[in-house]
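Notes to accompany the following structure.
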Amino acid sequence: MAVSVTAILHNARASDEFQAFFQRSDSFALGVCNGCQMMSRLSGIIPGAEYWPRFERNLSEQFEARFVMVEVPKTPSILFDGMAGSRMPIVVSHGEGRAVFGHDKESGKAQRKAAEVCLRYVDNRGRKTETYPMNPNGSPKGITGLTTPDGRFTIMMPHPERVFRAVQHSWKPAEWREDGPWLRLFRNARKWVG
């Protein structure tokens, strides 16, 4: 059963339980697509997530589902450990993935600057992009993933779980065997748990 953000935030018991989870030093979470949207709306109870954006309708006004290219900048995310500088294809599948920072242009600019960006859409030359279709939703500066300063909580709109095996890619280098590059994200989670 899906739980709404409102049901969490306006129910004292649920809110306390979620807040306790986020406060624990031995917890971490990954929010992908709808999970990204949900966690961004819970940012007020996630330590270090106060600069996260909300996610709204794609500028294309349509559902976008395909491969795109992303780049992992240097980030504190435990899930992206050792992946800085990687440029990889990934699946997007959403209608509301555009990151919206702040309530006006100035607050949005300040919020975007303070946010811990861990994933960006890039063009064919590896430059962060706002150009459609390389950026499927119109997010500023290509931002599509964020994390907290301690790296324990990470959100992203694209779907790494859909392309963690080499055979799931429409094209792959000959040296790839079973594992796709996104498997490292999940191995990093296992490594952090110990």
Cβ-Cβ distance below 8 Å, separation of 6 or more or different chains: which pairs start in segment 14-34 with a residue that is of a type in the set (Ser, Thr, Tyr) and end on one that is surrounded by 12 or more Cβ atoms within 10 Å (Cβ to Cβ) and not in a loop (DSSP other than H, G, I, E, B)? Ser15/Ile8; Ser15/Leu9; Ser15/Ile45; Ser27/Phe21
If I filter segment 71-89 for residues that are in a strand (DSSP E or B), modelled with pLDDT of 95 or more and either surrounded by fewer than 13 Cβ atoms within 10 Å (Cβ to Cβ) or among the acidic types (Asp, Glu) (or both), do I get at least one hit? yes
Out of curiosity, is Arg57 of a type in the set (Lys, Arg) and either surrounded by 14 or more Cβ atoms within 10 Å (Cβ to Cβ) or within 23 Å of Ala189 (Cα to Cα) (or both)? yes
Within segment 148-155, can one find any residue that is among the charged types (D, E, K, R), at pLDDT 95 or above and crowded, with 16+ Cβ neighbours inside 10 Å? yes
Could you tell me whether segment 21-44 includes any residue that is buried (at least 20 other Cβ atoms within 10 Å of the Cβ), assigned to a strand (DSSP E or B) and touching a Gly at 6+ places or on another chain (Cβ under 8 Å)? no
Please go through segment 182-194 and pick out each residue that is part of a loop (DSSP other than H, G, I, E, B) and over 16 Å from the mean Cα position of the chain (by Cα). Gly194
Looking only at segment 165-185, and only at residues there that are in contact with a strand residue (DSSP E or B) (Cβ under 9 Å, 6 or more places away or on another chain) and at pLDDT 95 or above, the one that is surrounded by the most Cβ atoms within 10 Å (Cβ to Cβ): Trp182
Does Pro133 satisfy the condition of being assigned to a loop (DSSP other than H, G, I, E, B), at pLDDT below 95 and not aliphatic (A, V, I, L, M)? no
Restricting to segment 121-137, name every residue that is touching a helix residue (DSSP H, G or I) at 6+ places or on another chain (Cβ under 6 Å) and more than 17 Å from Arg66 (Cβ to Cβ). Lys128
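The values are calculated or read from the model by the stated rules, or taken from the named source; none is laboratory data. None of the values given here were measured: they were computed from a predicted structure. So basically every Cβ, Gly included, is an ideal-geometry build from the backbone, and we count neighbours across all protein chains shown.
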